[in-house]
Amino acid sequence: MTALPALERFTADTDAELFRIPMVVFPNGFIAYSYLLLGQGAPTLIDCGSGFPDSDKHLIDGLNAIADEFRVPFALPDIERIFITHGHIDHFGGVANIAELADAAVGVHELDRRVLTNYEERVVIATKDLRVYLERAGIEPEARQSLIEMYGFAKRHVRSVPVAFHLDEDEPIDGMSFIHAPGHCPGQVCIRIGDILISADHVLSHTTPHQAPESITHYTGLGHYREALRKVAKLDGIRVALGGHEDPIYNLPERIADILASHDRKLNRVLDIVRDAGEPVTINQITQTMYPDKHGYNILLALEEAGAHIEYLYQHGALSVANLREVEAEDNPALKYVAS
């Protein structure tokens, strides 16, 4: 059983208080955080975990413990609104349950709206786009079907919810501003509350947030992500950034510089692999060299991560597709890359 971190309180220079609630969001013990915001307009919950049983239990238990542990007048039904930082299941999967318990209105960036309001449709479309990508990556049919099944399995328990308002860069709410930061997810937003930034999964303290190609989902991709990192790095007066996972970040520009440098290393690694191959190579072949010994769902994550960097290099003219005649003649063959 995974040990949960303690509840924590953070106070902004606006006197708003944020209470960080840990949850185990996936059966593998992966921990994420929701944040209860008090003192900045209506009581607000930021993110809701995955909706898996442990995640829901940890979130509700954490919310119920805040009043006693921190001596603040709060009960779960006081929540009037829910901000979803982005449309990934470990952040919005539990929103239907909490929204009903608290009778709360839900807000999200417009680019992730359909993930919440038309969830079943989104899964079908995303699965189709993923299948096309895996074909182009050079994954054999049997392995491709296995990856598709793994992708869909963890999404069956989630249901659609209505969205009452959008989190928009041009429309502050109760003194809070929203910074659209696409890349990791199309509708990813960071939320500024005085000198605190909810960085969600855009910036994490230890991990370089996962990337996927824009060919699978619009407004993802490494190009969007790098631009959004630079935008967030320009924010002045941030004392601490609080991510959707891991530890608080007390030097946001430095952490962003580290993440950009990590992606530069990955880009150079892809180029080295392609140059050393001596022949055109597929995304799958590059991934196997870049991320050996991956198993299960991590194979899919590796294919997306490597693919995002391959796509970026292709977009910027560093890679070329070598088998254009095959691409022209066949429905959806594997793309084979060489250095330009």
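Residues that are among the hydroxyl-bearing types (Ser, Thr, Tyr) and in contact with a strand residue (DSSP E or B) (Cβ under 8 Å, 6 or more places away or on another chain) within the stretch 174-218 comprise 177, 199, 205, listed in sequence order. If the condition is being exposed (fewer than 15 other Cβ atoms within 10 Å of the Cβ) and at pLDDT 95 or above, then the stretch 270-291 contributes 272, 275, 276, 279.
When 242, 300 are checked against the criterion of being closer than 30 Å to residue 90 by Cα and in contact with a Pro (Cβ under 9 Å, 6 or more places away or on another chain), 242 stands alone in meeting it. Among the conditions (1) among the hydrophobic types (A, V, I, L, M, F, W, C); (2) part of a helix (DSSP H, G or I); (3) in contact (Cβ under 8 Å) with a residue 60 or more places away in the chain, residue 32 misses just one, which is (2). Using the structure shown, decide if residue 94 is small (Gly, Ala, Ser), at pLDDT 95 or above and in contact with a helix residue (DSSP H, G or I) (Cβ under 6 Å, 6 or more places away or on another chain). Considered against the rule, which asks whether it is small (Gly, Ala, Ser), at pLDDT 95 or above and in contact with a helix residue (DSSP H, G or I) (Cβ under 6 Å, 6 or more places away or on another chain), residue 94 comes out as yes.
Against the condition aliphatic (A, V, I, L, M) and over 17 Å from the mean Cα position of the chain (by Cα), how does residue 259 come out, does it pass?
Answer is no for this residue.
Applying the criterion of being under 18 Å from the mean Cα position of the chain (by Cα), more than 24 Å from residue 291 (Cα to Cα) and touching a residue at least 60 places away in the same chain (Cβ under 8 Å) to the residues of the stretch 219-256, the residue that is surrounded by the fewest Cβ atoms within 10 Å (Cβ to Cβ) is 248. When each of 158, 163 is tested for being touching a Lys or Arg at 6+ places or on another chain (Cβ under 6 Å) and part of a loop (DSSP other than H, G, I, E, B), the lone residue that passes is 163. The residue that is farthest from residue 131 (Cα to Cα), counting only those in the stretch 324-338 that are crowded, with 17+ Cβ neighbours inside 10 Å and touching a strand residue (DSSP E or B) at 6+ places or on another chain (Cβ under 9 Å), is 337.
Number of residues in the stretch 80-102 that are among the hydrophobic types (A, V, I, L, M, F, W, C) and part of a loop (DSSP other than H, G, I, E, B) equals 1.
Within the option set 195, 168, being farther than 17 Å from residue 122 by Cβ, in contact with an Asp or Glu (Cβ under 6 Å, 6 or more places away or on another chain) and modelled with pLDDT of 95 or more holds for one residue only, 195. Could you say whether any residue in the stretch 11-34 is at pLDDT 95 or above, of a type in the set (D, E, K, R), out of contact with any Asp or Glu (no Cβ under 6 Å at 6 or more places or on another chain) and surrounded by 14 or more Cβ atoms within 10 Å (Cβ to Cβ)? Yes, because at least one residue in the stretch 11-34 is at pLDDT 95 or above, of a type in the set (D, E, K, R), out of contact with any Asp or Glu (no Cβ under 6 Å at 6 or more places or on another chain) and surrounded by 14 or more Cβ atoms within 10 Å (Cβ to Cβ).
Scanning the stretch 103-124 for residues that are outside any loop (DSSP other than H, G, I, E, B) and exposed (fewer than 13 other Cβ atoms within 10 Å of the Cβ) gives 120, 121, 124. Got a sec? Which of 196, 216 is among the hydrophobic types (A, V, I, L, M, F, W, C) and crowded, with 23+ Cβ neighbours inside 10 Å? The conditions single out 196. Within the stretch 53-82, residues that are free of Cβ contacts under 8 Å to residues at least 60 places away in the same chain and among the hydroxyl-bearing types (Ser, Thr, Tyr) have Cβ atoms under 6 Å from residues that are assigned to a loop (DSSP other than H, G, I, E, B) and buried (at least 20 other Cβ atoms within 10 Å of the Cβ) in these pairs: 55/25; 55/49; 55/94, counting only partners at least 6 apart in sequence or on another chain. Quick one: in the stretch 316-340, which of the residues that are hydrophobic (A, V, I, L, M, F, W, C) and touching a residue at least 40 places away in the same chain (Cβ under 8 Å) is nearest to residue 144 (Cα to Cα)? Here the residue is 334.
The values are calculated or read from the model by the stated rules, or taken from the named source; none is laboratory data. Values in this document were obtained by computation on a predicted structure and should not be read as measured data. We place every Cβ from the backbone using ideal geometry, glycine too, and count neighbours over all the protein chains shown.
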